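Right, I'll just put the structure down here and ask away after.
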Amino acid sequence: MLLETAPRFVYVVALTALALLVTACDPAPKPPAPAPAPAAATTNAPVVSTDPAPGTTNIYEVKGLVQQLRTNGLTAIIRHEEIPGYMPAMTMPLSVKDTNDLAGVKAGDMVSFRMLVTTDDGWIDQVQVIGHTNMPPAPPPSSRLVRNVDPLKIGDKLPNYPFVNEFGKDIKTDEFRGKAMALTFIFTRCPMPNYCPRLTTNFKRAYEALEADAAAPKNWHLFSLSFDVQMDTPPVLRAYAQRAHYKPEKWSFITGAMIDIDDIGERFGLDFNRKEGTFDFNHNMRTVVIDTRGRVYDVFIGNEWKVEDLVSRIKDAAKVPVTGEVPPPPESIGGYVSP
Ligand SMILES: [Cu+2]
């Protein structure tokens with residue numbers, strides 16, 4: 001049983017705090033983690049309470065959704081709500097001391113329970129079913145809910161994805177037929193200056209270059225797509241967008257359902273970690289240009305590409321005639337090797 005040995009529970013929490021402290025965008029090996037420092041929680045990090053004084057038990061009233069039950073009858077995987085002063089919402093295995101506490105509890109049940117924490121132990125009791133949901137339980141953190149999708153080659157048509165923009169408006173990518181689209185994957189909390197912030201800066205430069213060039217086509221639209229679906233809600237995206245001093249008619253900050261973001265990312269080789277309740281999004285970078293016919297025109301890999309190259313690709317993709325013979329797909333200048 002998970003919580004049987006004394007320090008495990010505290011260890012889980014300490015690890016979570018550590019994961020937050022070592023948040024990294026960089027695929028390079030992470031620097032050595034600092035020693036666990038409960039007091040070092042940042043604004044976004046969970047507040048890890050000081051350990052209970054020796055001999056005392058801290059008790060928290062918690063609600064959550066049961067995702068899975070272990071066969072020993074003593075452990076449930078529960079996606080629990082935030083526990084103010086103790087930890088943020090997260091999915092974790094929680095154990096009872098007495099199998100009666102979990103008797104009759106099923107996956108999909110909403111439950112309330114007490115979480116009891118001492119200096120060297122943690123467990124739950126008084127588990128009560130308070131509702132049931134037919135929502136499929138979220139997969140365990142190590143697995144992803146994805147469609148089976150094929151990678152896209154240059155010249156392939158982009159599927160019609162549903163997203164939501166920074167004003168909370170639903171959009172579909174097919175609505176932008178007739179325009180060149182440039183789409184890059186970001187998340188607003190990304191702390192590494194040469195990762196998402198650089199992609200946003202590059203987009204801003206491309207935006208300004210296209211706006212400033214009187215001879216440039218006008219039929220283009222930029223998309224910054226956040227894969228941090230929990231945090232990057234439309235209001236958060238709007239605040240982020242405003243810092244770019246942009247026109248919403250030419251540049252959208254979008255997000256959507258994780259399964260759709262996984263779908264589109266998977267097609268271009270985007271890769272990012274996801275850990276519920278944390279922002280440990282180690283990731284790579286892809287920037288996609290789509291032509292007026294909704295076909296992949298080029299894909300820029302990584303973060304070393306030149307803004308001029310993106311701008312020239314957007315201009316060319318905007319000039320692809322919407323009707324008539326389909327022009328042959330161009331050679332990639334963004335470093336994309338068609339799968
Ligand atoms: Cu990033």
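Somewhere in the range 180-188, is a residue out of contact with any helix residue (DSSP H, G or I) (no Cβ under 7 Å at 6 or more places or on another chain) and either part of a loop (DSSP other than H, G, I, E, B) or aromatic (F, W, Y) (or both)?
The answer is no; no qualifying residue exists.
Still on this model: Quick one: which residue in E266, E211 is out of contact with any Phe, Trp or Tyr (no Cβ under 9 Å at 6 or more places or on another chain), on the phi < 0 side of the Ramachandran plot and at pLDDT below 95? Walk me through how you get there before you give the answer.
On the way: E211 fails: at pLDDT below 95.
None of the other options fit; the residue is E266.
Moving on. Name, by its number, the condition in (1) part of a helix (DSSP H, G or I); (2) buried (at least 21 other Cβ atoms within 10 Å of the Cβ); (3) within 16 Å of the ligand (Cβ to nearest atom) that does not hold for S224.
(1)
Limited to the range 302-322, what total is found for residues that are touching a Lys or Arg at 6+ places or on another chain (Cβ under 9 Å) and in a loop (DSSP other than H, G, I, E, B)?
5
Filter the range 91-115 down to the residues that are out of contact with any Pro (no Cβ under 8 Å at 6 or more places or on another chain), surrounded by fewer than 17 Cβ atoms within 10 Å (Cβ to Cβ), assigned to a loop (DSSP other than H, G, I, E, B) and aliphatic (A, V, I, L, M) and list them by number.
Hit for the range 91-115 is A103, nothing else.
Would you confirm whether any residue within the range 7-17 is among the small types (G, A, S) and either modelled with pLDDT of 75 or more or at positive phi (or both)?
Taking the range 7-17 as the starting set, the residues that turn out to be among the small types (G, A, S) are 14, 17.
This time we only want the ones that are either modelled with pLDDT of 75 or more or at positive phi (or both), so: none.
For the range 7-17, residues among the small types (G, A, S) and either modelled with pLDDT of 75 or more or at positive phi (or both): absent.
Filter the range 184-221 for residues that are within 15 Å of the ligand (Cβ to nearest atom) and of a type in the set (A, V, I, L, M); which is farthest from A318 (Cα to Cα)? Full working, then the answer.
Looking only at the range 184-221, we keep the residues that are within 15 Å of the ligand (Cβ to nearest atom), and these are 184-203.
Still in the list and also of a type in the set (A, V, I, L, M): 186, 192, 199.
On the way: I186: 23, M192: 32, L199: 21 Å.
Result: M192.
Name every residue in the range 111-127 that is out of contact with any helix residue (DSSP H, G or I) (no Cβ under 9 Å at 6 or more places or on another chain) and among the aromatic types (F, W, Y), in order of residue number.
None; the set is empty.
Pairs needed: first member in the range 184-199, under 13 Å from L237 (Cβ atoms) and free of Cβ contacts under 8 Å to residues at least 60 places away in the same chain; second member anywhere, more than 8 Å from the ligand (Cβ to nearest atom) and among the charged types (D, E, K, R); C-beta distance under 6 Å; at least 6 residues apart or different chains.
The qualifying pairs are T188/D232.
The values are calculated or read from the model by the stated rules, or taken from the named source; none is laboratory data. For clarity, every value in this text was computed on a predicted model and none was experimentally measured. A quick note on method: Cβ atoms are made from the backbone with ideal geometry, for glycine too, and the neighbour counts reach across all protein chains shown.
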